[in-house]
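Some notes on the structure that comes next.
The values are calculated or read from the model by the stated rules, or taken from the named source; none is laboratory data. Every value quoted in this text rests on a predicted model; they were computed, and no experiment measured them. Heads up, the Cβs are rebuilt from the backbone with ideal geometry, glycines too, and the neighbour counts pull from every protein chain shown. Heads up: the accessible areas ignore ligands, DNA and RNA and are worked out on the full protein's heavy atoms, side chains in. Shrake-Rupley method; radii C 1.70, N 1.55, O 1.52, S 1.80 Å.
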Amino acid sequence: MFDQPNSRPPCTHSDEPLNAGLSRPVPDTAVFQNPARISLAQVLCAVEAQLEGAVRRDTRSAFAALERAGVDLIGTLATPDRVRTVLDGLSPGSLGVSEKRLANIRSLVVGAVKQFGQRRICITREIPPSPEWVELLASIPERNLRWGLGRLACFCTVKGTRPEGVQVETLQGLFAALEAEELVKDPCNTLKHTIAVWNICRKRVPGWPDIRLASPSKTAPAMLSLEAFPASFRADVIAWEERMRHPDLLDPTAPVRPLREPTLKGYQFTFRRVASALVRAGTVPAAAMVGLAVLVQPEHFTTGLREYLPEEGSKRTTDYAHKMATQLIVVARMHLAFNEGQLRALQAIADRIKPKGGRRMGERNRERLHQFDDPAVVQRFLRFPEQELARALRQTNPFRRAKGVERALAISFEIFTGLRVKNLRSLHLTRDLRRSGGRVFLQIPDEEMKTGRRLDLELPANTIALLDAFLRDHRGRLPGAEGPYLFPGEDSGPRSYDAMSEALGEPLRTHAGITVSPHLYRHIIAKIVVERHPELALDVSRRLGHASINTTFQSYLGTEGPAASRRINALLQRVRDGKGDMS
């Protein structure tokens, strides 16, 4: 590869001004683009031509590692943001190298791009603003505000837009130009700052165009707040929730047991989404949304759900729309006292959008589980807590060491218990953990579980050892350690949901090249166990705390087809060779 440098595009730099020589109208996306579009392949050409000795050898080796990782050197621009994105996607696990080697690769590539890559340009020097814009900017006394409008002035100069002609379309074009300008780190934030500075100048600078700018991407919210609807609607929602929290055991139309707060919150989201869809469709004005009965009138029922059906050709399913329909029917039966005829009419509509084949695993989870078809990935996943612990113990800073051990313990707990993040983050040291000799049991009461069923598990020896080390040597160094939670938050409460989610996902991506979400751990457990021992499906269902094994089969299994075919193929081959059951 390196013996034929001439096979790569030549390394060329241009000092030509942006859009020089363009007499025809310039597309928005081309306004700020540098004509010298330097790729990583051209940077490598420059490395081979201009560097010498060990530096040249090591830098070539770093670029070779990028190519082995599937990076398109020709198609990747040599700009800081593009290179940052490429390097952020690499991990020691995905490259098969040590952390130190990855750090060397990063350093060498960044250094080469800094030396030979696309140069950073000053837009306001490359595109002198028109006289109208020069005069307007000169009227701003504060230099930082003048700078804040520099890109807008240059963009409008190229497009032929005078200051008094700035409008929504101008901002849309500016945003397109900023997105295409490879050196802008955050186009959205740059546009927001530009709008804010313009509006400040409108208030402070005499003679400023009387145009108030706003974000061109603002759209109507997908879900209106409850406060957007009349007080009677909000009162009906509250009445429904109270009825569901405190059902009458002798009322045949009431639920058998109280609904939990997360379930009630889900119902409230459905009410708001369907009501918002009816308002957007112009079917029912917000002021006319007087109660929940409006949502379940047959014509409103269908209109409110239609927006949530998948488009033709989409991979989305009708699961969510069907779930909302089912919830509204429950409200019609338990709260609004609909008769059987009215309920049958609504149910007929819901049946038409019922997912074919019932509930099943989502496509995103199914795709992410494919990586665990590789036995090497499974091993890296299961061994990860010990590796994360080793990394943590190498830290010299006591706080960082404690945080690392905490991450290792959280991941070990998640692998060997499959707890939902809500339960994991709020594990109580005395209520949820019980010791008996050298054994440790996890016991989470009914009211803390999503299914309302108590969960009892036993921790494996390696997790117990990690737990003991964390409690003995490290937990006391964390903020909030005086609180009662295993994973403490800064206010002595439980660890925040977001912080716990990040601790379960980011380390695996960075150090093992494995992409997981917190909830995917539960699917991974089911996949690993049932593909190797199908007879343990019931045990998996119990481990995950499911009220019914149907939930396990419908939503957590479904990728074990290849494993089943391997077992069948092995049996057929043994029979063919006369080594199996011949009966």
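Of note:
- Taking N as its residue count, the alpha carbon Rg of the range 505-548 over 2.2 N^0.38 Å: 1.35
- Semi-axis lengths, largest first, of the ellipsoid equivalent to the range 429-509 are 21, 18, 15 Å, with √(5λ) applied to each eigenvalue of the Cα gyration tensor.
- Averaged per residue, the chain has 53 square angstrom of accessible surface, using a 1.4 angstrom probe with ligands and nucleic acids left out.
- Segments 415-427, 153-165, 275-287 sorted - mean Cβ within 10 Å per residue, highest first: 415-427, 153-165, 275-287
- Whole-Å semi-axes of the range 237-313's equivalent ellipsoid (Cα gyration tensor): 27, 15, 11
- Shape summary of the chain, radius of gyration then Dmax from alpha carbon positions: 30.6, 98 Å.
- With 5 Å bins from 0: P(r) over the range 191-348, alpha-carbon pairs, percent: 1, 8, 15, 16, 16, 11, 8, 7, 6, 5, 4, 2, 1, 0, 0
- Residue 37 - accessible surface, heavy atoms, 1.4 Å probe, Å² rounded to 10: 100 Å²
- Highest-first arrangement of 512-523, 77-88, where packing means the average Cβ count within 10 Å: 512-523, 77-88
- Along the range 561-569 the Karplus relation, 6.51 cos²θ - 1.76 cosθ + 1.60 evaluated at θ = phi - 60°, assigns HN-Hα couplings of x, x, 5, 5, 5, 5, 5, 5, 4 Hz to successive residues, with x for each Gly and Pro.
- The range 340-455 - Rg (one decimal) and Dmax (whole number), Cα, Å: 21.3, 71
- For the range 521-536, Karplus couplings with θ = phi - 60° (6.51, -1.76, 1.60), whole Hz, Gly/Pro x: 3, 5, 5, 4, 4, 4, 5, 4, 6, 6, 5, 9, 9, x, 5, 8
- Hull shadow area, averaged, the range 427-562 [alpha-carbon convex hull, nm²]: 9.9 nm²
- Normalised radius of gyration (Cα atoms, divided by 2.2 N^0.38 Å) for the range 77-207: 1.38.
- Annotation: amide H of residue 440 within the under-5 Å range of 459, sequence separation 5 or more or interchain, hydrogens built in the peptide plane.
- Averaged over residues, the count of other Cβ atoms within 10 Å places the peptides 475-488, 45-58 in the sequence 475-488, 45-58, highest first.
- For the range 250-255, 3J(HN,Hα) per residue [Karplus equation, 6.51 cos²θ - 1.76 cosθ + 1.60, θ = phi - 60°, Hz, x = Gly/Pro]: 9, 9, x, 8, 8, x
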